[in-house]
Amino acid sequence: MTRLSGGLIDRSKTLRFTFNGKGYTGHPGDTLASALLANGVRLVGRSFKYHRPRGIFAAGSEEPNALVTLRSGARAEPNTRATVAELFDGLQATSQNHVGPLNFDLLAVNDLLSPFFAAGFYYKTFMWPKVFWEKLYEPMIRRAAGLGAMSMQADPDAYDKGFLHCDLLVIGAGAAGLAAALTAARSGARVILADEDFRLGGRLLAEGETLGDAIAPDWVAGVEAELASLPNLRILRRTTVFGAFDHGIYGAVERVGDHLPTPQTVRQTLWRITAKRTLLAAGTTERHIPFANNDRPGIMLAGALRAYVHRWAASPADKVAIFTSNDDGHRTAADLVAKGMQVTAVIDPRRDAKALGQYPLYAGAVVSDTRGRLGLSHVQITRDGAPVWVEAGALGVAGGWNPNLHLASHHRGRPVWSDAHLAFLPAAAGGPPGLSVAGAAAGQGTTQAALTHGAQAAQAALADLGIAASLPDLPAASDAKGNQHPLWHVPGKHRAWVDFQNDVTVKDIKLAHQENMRPVEHLKRWTTLGMATDQGKTANVTALAVMAELTGQSIPQTGATIFRPPYTPVSLAVLGGGDTGPNFRPRRLTPTHPWAAAQGAVFVEVGQWMRAQYFPRPGEATWRETVDREVLATRAGVGICDVTTLGKVDVQGRDAGSFLDRLYANPMASLKVGMVRYGLMLREDGHAYDDGTCARLAEDHYVVTTTTAQAGPVYRQMEFARQCLWPDLDVQLISTTDAWAQLSVAGPNARKLLERVVDGFDLSNEAFPFMACAPLTVCGGLRARLFRISFSGELAYELAVPARYGNALMARLVQVGADLGATPYGTEALGVMRIEKGHAAGNELNGQTTAQMLGMGKMVSAKKDAIGTVMTRREGMLAESRILVGLQPVDPADPVTAGAHLFAEGAAQDTWSDQGWITSACFSPHVGSAIGLGFLTDGVARLGEVIVAANPLEGKSTRLRVVSPHFVDPDGGRLRD
Amino acid sequence: MLIPHPLLGPRDAQEFTYLGDASLLNRPDGMAEGALAAFCDYVYLRDNPAGVHRELWFHEQGDRSWLVVTRNTVTHEILGAELARDVALRRQK
């Protein structure tokens, strides 16, 4: 065992877990990484390209190497960083990216082929022969690429999303974040404190420091207790603020249930936080120093080594060496010695380096190579050209610290290089408005400076909002600033890794330089540096420094790539936020839904609506049988259909008629009170937009209807016309689609049926002719509106009642009309009857068609300036000769296929001889064969001609006769009867 | 994004539907001479500035006001918002 004393783990409880099937134990407070190290496991995975053995490199979310698959079955989650996976009892983890066992990966042969996989290999290889690409190269690359594999099963867990608002959002709960949160919370401001860790404290948990009289974790606990008692502060643990978006909006993911064996409520929550001010106190990430063979398991960041020892009491090896270019590495060495560990060497390139404790110091030296096949065993130390080998099972590398300024550059804020810090610092301006940076992330890296800076930054941010906050008494803490020396890599002829996750070495950067991929954005894409799950958190700055050295430019001249959201990987599931399956979008039910469901109706999604598609009866084997019956019953007796989903807009005001004249291509102001008119709306570009009916209930009161699909957009357009184009008109609009249930009552017995429900209303043809409308009462006093309009071609009415009465009205009509053959019908029968009658619907109003094509060219009035009128006069529009026709198969057994294109008989079936297409098709029980509607060149002049419909997808052609689109009652006698 | 609604205060952009360039307020007179050419410009020609842009947003999930929002397309900074109706009425005077 390599567990030390102390640490922030609960030794009273033991958690069992497995890695690659083998059982281990750990304690609450452990991460998978700390538990593996404490169990002496160093080899945890294989590298991306070369399949080199890899171990744990970091102690936080920056981890590039230790990616594992967590859990199994449908919950299996690939590419999870072991360093942030909180240990739970029963956790299963497996390593990734190897063929055969982890310690004998067959694809390790790639390492021998490394010259082949150099920078830009994607672009340079697999180019020829061309035929090999699809059959050989691509499958091979796909198999070898990527790390973990998905489970390919549905995610069984629930996800959620939520909205939060605050005065101050504090990102990071280390020294600076806690001091800031305390300052802000005591002032009474609304504060959110978010940290990606499951425990507050940040780096304070990873150091053996004292704050005032208390050891650091105890001081943290005291602050946490006070924060928890304040109602105006919310602590979000296990929450990563992953992106800064516009106007103070931040995206955050709270891992609610990731640390539980089975998530209890939701697995993760996506928070959208709107913050008036934000403090980024995300601390720093250590960087390493590339040297030959620097990627063996056991080689890790020195600060991570310190964190494992202090926070998790986990030692990765008995003998440890440190390679450092700064005083902070010596601090690690001293801490390890104090913990009783054996430090075999501290290697420091500075000749004047001083030891901070009892350990062998190699001043003026570098690490020049390493040994150990599946884990580090020795390091080679070179001083003045003379190498020596020293035993070490772990090597801590300390190359300096980079501020975590990512969110500060999410609005393209360019970081600024600081020679004093040997790091990029957030720029004073250009970051997200309202965001300031505090603590180590702003270059205020000592504990004392971070505490003070955090408190001051919170005070300043709140002062901006007019909230006075006083600075809390902060404890005395370490203020040791430490010296550092710029050492960006150790030159040598062997491969030295810069980016572990993407297997990018110093040589690759040199090659990119040779090949003129020198700008940093090119460097990134040519070498894949800084890509994938870690986004180069431990690699980018080092790589820039190497490139700067090669180009002879300074680091600031070389520049930095732009950080973009997300800061750490975000699952697609949580971005969905639970909007899946039935929750994908709102589901709207029609007023008669309960009645239709009780009748056993089959429903169909129409946009958000669920509409009754047809009403099967016992004995009907196919949907067609049902639909044919509904059509024939309606045409023979009377059918009833819920048409509530058609959009309804109430238009009132002195100028209502004049307003509608400008919206519809045809005149509406001239419509008489008590009458209805068909109306066609155009888009401003002259194409047909939507159609419907327009009823005038009073001099200053119209009700217009739209298609179901365009109810929203048409209403939007009407408001645009009212507010933006003609604001001087006296007119008011409101959508009443959901307020009124509307039932279509169609068929020769429609009048007889309605007579049984209206309250003494004269329905005779003289009193209430075709296209009449009136307010009335039905069923003994129920407020209603009646419109004599027909979509089916039959004598028909639409009866509207307040929505809550729709269901009862449907039941009543079917009940009292039983002897008249009253039959409910659904959207299928509705569609069949409108095709039989030749009415245009969504298929014909597809945004590419014109009034002229619909056979309504003459409806477009030239006497008024309606939307779209002017543009119908364009040359190309006027020259359009395709027009709506009916189509009937010459052989009645043949099908008519919507979408098929139309050709003259004998003509080549290509684009140049295309004469139109079929828009709608169905089986017509009235005609006794399939029928269709379509747009055909010079259609009107070609009635009776036989043409060909081509269906190249099925390799079929059908001969069709061109007929009138009105298959039923072409004279319209039934409507007016 | 947050849109500063002149009547309702700051509202989330998710409540709005975006249309585009506020030049759509300047609809030509369809009955005037040369209307066709004027409409071709009105329908198809738009400036696409990198910088300050006046644009139309519809508060569809709200009070159904059309707004003219002045926004910097580069920084997304919102410089102002007013009711499109007020802008249109001013234009007519």
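Values in this text are rule-based calculations from the coordinates and carry no lab data. Every value quoted in this text rests on a predicted model; they were computed, and no experiment measured them. Heads up, the Cβs are rebuilt from the backbone with ideal geometry, glycines too, and the neighbour counts pull from every protein chain shown.
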ask   = Can you give the relative contact order of the stretch A:491-591 as a percent, counting alpha carbon pairs under 8 Å and 6+ residues apart?
value = 22 percent
query = How far is helix B:35-44 tilted off the main Cα axis of chain B, in degrees rounded to 10, range 0 to 90?
reply = 30 degrees
key: Hits among aspartates and glutamates - C-alpha to C-alpha of A:K276 under 19 Å, sequence gap 8 or more where chains match   = A:D167, A:D195, A:D246, A:D464, B:D12, B:E77
request  = Please give, to one decimal in nm, the separation of the simple spin-label points placed at A:L575 and A:S470, each 7 Å out from Cα toward the Cβ.
outcome  = 4.8 nm
ask   = What pairs in A:K648/A:K752; A:K49/A:K524; A:K354/A:K537; A:K354/A:K481; A:K49/A:K319 have C-alpha atoms more than 25 Å from each other?
value = A:K648/A:K752; A:K354/A:K537; A:K49/A:K319
task = Compute the Cα gyration tensor for the stretch A:456-591, then decide on rounded, prolate or oblate, letting a ≥ b ≥ c be the square roots of its eigenvalues: rounded whenever a/c is under 1.5, prolate when a/b is larger than b/c in the other cases, and oblate in all that remain.
result = oblate
request  = Could you work out the relative contact order of the stretch A:747-855, using alpha carbon pairs under 8 angstrom and six or more residues apart, expressed as a whole percent?
outcome  = 21 percent
message = Taking the alpha-carbon distance from B:K93 and a cut-off under 29 Å, which lysines remain once sequence neighbours fewer than 8 residues away in the same chain are dropped?
response = A:K863, A:K864
Built amide H within the under 5 Å cut-off of A:H27, gap 5+ = A:L15
ask   = Against the longest principal axis of chain A, how steep is helix A:711-720, in degrees 0 to 90 to the nearest 10, with axes from Cα atoms?
value = 90 degrees
ask   = For A:K13, which lysines qualify as cross-link partners when the Cα separation must be under 26 Å and same-chain residues fewer than eight apart are set aside?
value = A:K22, A:K339
request  = Calculate the spin-label point distance for A:L260 paired with A:E766, positioning each point 7 Å from the Cα along the beta-carbon direction, and give it in nanometres.
outcome  = 7.6 nm
key: Cβ neighbours within 10 Å from other chains - mean over B:85-92   = 3
request  = Compute the distance in nm between two label points, each set 7 Å from the Cα along the Cα-to-Cβ direction, one at A:H966 and one at A:V673.
outcome  = 3.2 nm
ask   = What are the ³J(HN,Hα) values, in whole Hz, obtained from phi via the Karplus relation 6.51 cos²θ - 1.76 cosθ + 1.60 with θ = phi - 60°, for each residue of the stretch A:871-882 in sequence order, with x given for Gly and Pro?
value = 6, 5, 8, 5, 3, x, 5, 5, 7, 5, 10, 6
inquiry  = Using each residue's phi in the stretch A:366-383, evaluate 6.51 cos²θ - 1.76 cosθ + 1.60 at θ = phi - 60° and report the 3J(HN,Hα) Karplus result to the nearest Hz, with x for Gly and Pro.
reply    = 9, 7, 10, 5, 9, 9, x, 5, 9, x, 4, 10, 9, 10, 9, 10, 10, 10
request  = Output the relative contact order of chain A, whole-number percent, from Cα pairs under 8 angstrom with separation of 6+ residues.
outcome  = 9 percent
remark   = If amide H atoms are modeled at 1.01 Å from N in the peptide plane, then the residues at a separation of 5 or more from A:F245, or on another chain, having amide H under 5 Å from its own are A:Y250, A:G251
request  = Just check the stretch A:374-522 against the gyration tensor rule for me: Cα atoms, a ≥ b ≥ c as the square roots of the eigenvalues, rounded for a/c under 1.5, and otherwise prolate or oblate depending on whether a/b exceeds b/c.
outcome  = oblate
query = Going by how many other Cβ atoms sit within 10 Å of their own, how do A:S229, A:S325 line up, fewest first?
reply = A:S229, A:S325
note = Taking Cα atoms, the helix A:540-551 axis meets the longest principal axis of chain A at an angle in degrees (rounded to 10) of 70 degrees
note = Heads up, chain A by the C-alpha gyration tensor (a ≥ b ≥ c square roots of eigenvalues; a/c under 1.5 rounded, else a/b over b/c prolate, else oblate) looks prolate
Averaged over A:869-880, number of beta-carbon atoms from partner chains that fall within 10 Å = 3
message = Give me the inter-chain shielding for B:25-32: mean count of other chain Cβ atoms within 10 Å, whole number please.
response = 5
query = For A:W917, which sequence-distant residues (separation of 5 or more, or a different chain) have an amide H within less than 5 Å of its own amide H, given hydrogens modelled in the peptide plane?
reply = A:L902, A:F935
ask   = So what is the calculated 222 nm ellipticity per residue for the protein assembly as shown, using -39500 (n - 2.57) for each DSSP H run with n of 4 or more, over all residues, to the nearest 500 deg cm²/dmol?
value = -5500 deg cm²/dmol
ask   = Placing +1 at every Lys and Arg Cβ and -1 at every Asp and Glu Cβ, with all other atoms neutral, what dipole size does chain A have around its Cα centre, in debye to the nearest 20?
value = 1380 debye
